[in-house]
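Read the structure below first, then the notes.
The values are calculated or read from the model by the stated rules, or taken from the named source; none is laboratory data. Keep in mind the model is a prediction, meaning the values are calculated, not measured. Neighbour counts run over all protein chains shown; Cβ positions are idealised from the backbone, glycine included. Surface accessibility is based on the protein's heavy atoms, side chains included, excluding ligands, DNA and RNA. Shrake-Rupley method; radii C 1.70, N 1.55, O 1.52, S 1.80 Å.
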Amino acid sequence: MLKRDENGYGKLVRQLVCGDMRTAARLITMAENGATEMNGLMKEIYPHTGKAMVIGITGSGGAGKSSLIDQLIYQYRKLGKRVGVIAVDPSSPFSGGAVLGDRIRFQRHTRDEGVYLRSLASRGYLGGLARATTDAVRIMDAMGNDVLIIETLGVGQDEIDIVHVAETRVLVLTPGMGDDIQAMKAGTMEIADIIVLNKFDLAGAESCLRTLEATLSHRMTREHRDWLPPVIPTISCSTQDQEITGIGGLITGIESHQSYLTQSRNREKVQEKRIEHELGLILKNEVEKLVFAGLKGSNKKHCLIKSIMMKERDPYSAVEELLSDAIPK
């Protein structure tokens, strides 16, 4: 339980703003666990946010997202940028924690004080992102990172929640796995600002590249969009460093999209959508807390579940009843 002084959580927030990793880790864990203090803390953290560039990396499992992020971290650090990474992982069915760990995938960066890595458990939240991701982004922004990279869960093609968090969304595909076709069918390409064709050393890569470029060009022309997502071929994993290619081109593509957002004034639209989504999440969480606070210590929840199982009532009527009790008209 955190103690507030007359200035709120000032000491803790100052430690965070000074880049203290232990403080950031503590706060993100509290966000994951839904600590009651988080609303008060986030109120004080919020004025220190808004400086980091937020990049979302999404795509199906096996596309090489983690190796691509590993290379991006390396290149941004060479440019003198502080980098934060949020990797959303599957949840353990036993502990609820992240199954995979950031230290496994990004080992060479774990001792770099200019890199902060954090895995978040999805905890069953659909859309590829954990519910605590928004708060984690705010916290890592406030601690002074210049670049924030968010890696989504990568299961299936339901990664669209990244559109609500990141300014620049990167969709990672690979040749020969049908990713390009699946992305077109599922509409995942509609959220992409940049498309990376990773593992470009695989057979059929050139043909896949041409197909993607032609499809995107046709779609953008038909829909009258003014930003054409570039398709950037990369090789992000190899036993020979000289065989790693395309990472510089990806960073240039990200910079170009950031410039486009500023010059076209679309950055405000992106921020507006992000805040609208964030408001919805906060409101939903607060309503849930309010409803279940009223059930605490009673047997009503158990009785409702039993009555639904027995078909004596339906879930929709039960929710209406809970809401009317918690929020009387």
request  = Lys and Arg at +1, Asp and Glu at -1: add these up for the other residues within a Cβ distance under 12 Å of LEU148 and post the number.
outcome  = +1
query = Taking the Cα centre of each part, how many Å lie between the stretch 50-87 and the stretch 258-276?
reply = 20
note = Between the modelled labels at GLU213 and GLU190 (7 Å from Cα along Cα→Cβ) the distance in nm is 2.6
ask   = Taking the mean number of other Cβ atoms within 10 Å as a proxy for protection, how do you rank 243-251, 314-322, 63-71, 164-172 from highest to lowest?
value = 164-172, 63-71, 243-251, 314-322
note = Expected field for TYR74, accessible surface area in Å² at 1.4 Å probe radius, rounded to 10, holds 90
task = Determine, for each peptide in 257-266, 189-198, the mean count of other beta carbons within 10 angstrom over its residues, then list the peptides with the highest first.
result = 189-198, 257-266
remark   = Distance in nm between TRP227 and LYS284 label points, each 7 Å along Cα→Cβ, equals 2.4
message = Nothing charged except the Cβ atoms of Lys and Arg (+1) and of Asp and Glu (-1): what's the magnitude of the dipole of the stretch 182-329 about its Cα centre? Round to the nearest 20 debye.
response = 680
query = Residue by residue through the stretch 47-61, which ³J(HN,Hα) values in whole Hz follow from phi under the Karplus form 6.51 cos²θ - 1.76 cosθ + 1.60 (θ = phi - 60°), with glycine and proline marked x?
reply = x, 9, 9, x, 9, 7, 8, 9, 10, x, 10, 9, x, 6, x
ask   = Too long at a 32 Å Cα-Cα cut-off: which of LYS284/LYS311; LYS11/LYS289; LYS43/LYS78?
value = LYS43/LYS78
remark   = Around PRO230 (Cβ within 11 Å, Cβ-to-Cβ, excluding PRO230; K/R +1, D/E -1) the net charge comes to -2
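Counting Lys +1, Arg +1, Asp -1, Glu -1, what net charge surrounds LEU295 among other residues with beta carbon under 13 Å of its beta carbon?
Numbers: positive: LYS289, LYS296, LYS300, LYS301; negative: GLU288, GLU321, ASP325.
Around LEU295, the charge tally is +1.
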query = Each label point is 7 Å from the Cα along the Cα-to-Cβ direction; what then is the distance between the points at THR29 and SER264, in nm?
reply = 4.2
